Every structure is written in structure tokens, then in C-alpha cells.
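Asks: What follows is a single structure, and I will ask about it in a moment.
Where a number appears in this text, it was derived from the coordinates with a stated rule and is not lab data. Just so it is clear, the structure is predicted and the values come from calculations on it, not from any experiment. Here Cβ is always computed from backbone atoms with ideal geometry, including for glycine, and neighbour counts include all displayed protein chains.
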Amino acid sequence: MNDNIQLTSGQEGYIEYKSASPFEFYHILNELDKAQEIDAQGWLIFPEKGKGPFPVIFCVHGSDNWGGHHHEHIVNFLEAGFAIFRVHSFDSRGIASTVEDQMSVTAAMMMVDTFEAMKIVSKHPDVDSSRLGITGWSLGGTVSFYSFWEPLAEKLAPDGERFKCCLPFYPATYIKPEENRWNSGPILNLVGESDNYTPASLVQTMSEIINNSGGNSSVISYPGGEHSFDSINPVTNWPDAIAVSEKFCTIATDGNMTYETDSGEILGINQPEDRLKVFESGEIHFGARTGGDWSIRRQCMKDALDFFKSYL
């Protein structure tokens, strides 16, 4: 898709590239060639000091787009000697936020944006392609988490480009695959015990599933932490936010995605109209709390940096 893009030594900053907009993981696995092509954008930034080739951390925003606490982590990474690539999935599609929508820009779309950027940047002469990491917040945490699910990675990077390590912040890990094949690199999930937006219980369960299949996933669960515990915003209730319940949907080996209601009805969620039926079923939870905690904020900044220093 982007074979014509050849970055040169010293080149950084704003980068435009081609991506696509598959609605769900189902479409990545089965119909990626049919997805609408888009013009994507992102920023490649090198550290102020140091000499390449540099390790790179790919950073993926959440449902409310880029925020101040994301940039503080990014500066923390840069000052430690890591290059970063900031993926701009919402800006690429003219969307400001999906907190109350979750359909205009999906994790599947952001997954394509991130892998396409990774394949381009990995060929940069100032980048060490063997030291590529990924992190993301909330919806971006979901993207980073499932970037380690091999069936998706094989479709998006068939030539074998992979992230070496993965750090999701409060990800929505509500998709349980039947085919448990995962990147063997380390995953460290940073979650809040009191998160009612993307429940920590799902992350704990998915980490156990990954480890039982030979993977390497761990969790740091901060006591009392809300969603966005690393921001400086006070704890706030958002009544219209679409929250993740403590139930999984299933993705079959053929990519078919289903959700079982409390009454036992099996609903498909592959298509936008299917997702709307789930919303209308009363199964979707609305309302969530977000907000920072000063002590957690300081600790997770350290935990995140220590993780990437250990593995990149």
C-alpha cells in the first residue's frame, strides 16, 4: 500500500501515508482488500539527543483523541532516548471524538493505520527495526493489545514486521479469540482497579488466556484507579459514555464476531447494522468515570518507562 514511501536519514515530522477503514476485525481477516482507502497521517519524532539507529515507540490515542497526559508520556519517552510515532487516526478521518459513538472510527481502522505506519518507519535508516514497541490509551490500548494477536498481524504485516513489546493503558479487551496465537513479546497492561469504563477484570482474564497459550502478558492494577488515571483531570462522571461491560464477545477462527446477551441470544457484531442491534438490545452500558490520581500518575509514568527500557 505504501511501497513508494522511502524515508531518508534525518527525515522526521509530519508524514502522510495510505491506510484503510475496515469496520471490524472480521473485515481485516476476510475483506481487507475491500476496505475504503484513506489518506492517513502521523508524526515521527526523534529524541533531542543521541545517535541512531533509534528504537521507536508507536503511540495510539484513545476515544477522546490526543490529550495532554498522552503528550507527557511521549516527552518522557523522548527524553529517555526513544523515537516515537504518533498515529492520528481521528484527524485522518475528520473525527474529533468517539466517546459517545464508537462506530465512526473503530479499533480495526486504527489497527490498519498503526501497522501501515510501522511498516514504513521500520525501513527508516535512522530506526532500529528490531526495537519497535507500541503503546496506546483506552481505545488505543485496545489497538496496541490486539496488535499482538497473530492472525491480525499476519494479515496486516505478511512480511513479518512485528512490535517487540506492548504497553496498553486501560485497554478494552472485550474480544476473546478462539484462535489463541499471540506475539511472544511481553505485554504489560496498566489498569485501574475502579475503572468502570474498560473493566480491569477483562484485562486480567485475557492476560491469563494469553499466558495459558504460551504468551507473555502481565498486569499492573493500581488500587482505586479510575479510567484515565494518568491524566491531571479530576474524577468526572460521563453519563453518555459508551462503557464496556464485564462480558466478552467472541471472534471465531474464521473471523466471525458474536455477542451473547444475558438472555442467551447470539448477536452478530461484524457489520455496523449488527452493532446497532446490540446497542438497541439494552446490553450496552452507558456512563463511566474518568479522572487522574497524582500518585498513580507518577507511578505509571515510571512503570511505563521502565518497561520500554527493559525491552527496547
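Asks: To check my understanding: the extent here is largest minus smallest coordinate of the Cα atoms along each principal axis. What are those three numbers for the stretch 152-196, in Å, largest first?
Replies: Over the stretch 152-196, Cα extents along the principal axes are 40, 23, 15 Å.
Asks: Also, quick follow-up: Residue 235 to residue 310: extension gain in nm, 0.36 nm per residue of separation minus the Cα-Cα distance?
Replies: Full extension of this stretch gives 23.8 nm more.
Asks: Follow-up question, since we're still on this one. Sequence-distant or interchain residues sharing an amide H contact under 5 Å with residue 176, placed H: which?
Replies: Amide H neighbours of residue 176: 249, 250, 251.
Asks: Right, something else. Which FRET efficiency value, to the nearest 0.05, do you get for residue 201 and residue 49 by plugging their Cβ-Cβ distance into 1/(1 + (r/R0)^6) with R0 = 41 Å?
Replies: E(calc), rounded to 0.05, equals 0.45.
Asks: Report, ordered by chain and residue number, the lysines lying within cross-link reach of residue 119, taken as a straight Cα distance under 27 Å and ignoring same-chain residues fewer than 8 apart.
Replies: Excluding near neighbours in sequence, the set is 18, 34, 49, 51, 155, 164, 176, 309.
Asks: Just the number, please: percent antiparallel of the DSSP beta bridges in the chain, rounded to the nearest 5.
Replies: Taking every DSSP beta bridge within the chain, about 45 percent pair in antiparallel fashion.
Asks: Can you give the charge dipole size of the stretch 87-234 about its Cα centre, rounded to the nearest 20 debye, using +1 on the beta carbon of Lys and Arg and -1 on the beta carbon of Asp and Glu?
Replies: In debye, rounded to 20, the stretch 87-234 gives about 320.
Asks: Between (1) 17.7; (2) 14.7; (3) 15.9, which entry matches mean projected area of the Cα convex hull in nm² as derived from the coordinates of this structure?
Replies: Evaluating mean projected area of the Cα convex hull in nm² on these atoms matches (2).
Asks: Within the chain, which complete DSSP H helices have Cα atoms spanning at least 20 Å along the helix axis and a mean Kyte-Doolittle hydropathy of -0.5 or higher?
Replies: Going by DSSP H runs, the hits are 107-121.
Asks: Report, in deg cm²/dmol and to the nearest 500, the calculated mean residue ellipticity at 222 nm for the chain, where each DSSP H run with n ≥ 4 adds -39500 (n - 2.57) and the sum is divided by the residue count.
Replies: Estimated from H runs of four or more residues: -8500 deg cm²/dmol.
Asks: Here's something else I'd like to know. Work out the charge dipole of the stretch 1-97 with +1 on the Cβ of Lys and Arg and -1 on the Cβ of Asp and Glu about the Cα centre, then indicate which of 84, 67, 25 is farthest towards its positive end.
Replies: Final value for the positive-end residue is 84.
Asks: Same structure, new question: From the C-alpha coordinates alone, can you work out the Kirkwood hydrodynamic radius of the stretch 145-267, in Å?
Replies: 15.6 Å
Asks: Between residue 31 and residue 263, what length comes free when the chain is fully extended (0.36 nm per residue of separation minus the Cα-Cα distance, one decimal in nm)?
Replies: Stretched fully, the residue 31-residue 263 segment lengthens by 80.4 nm.
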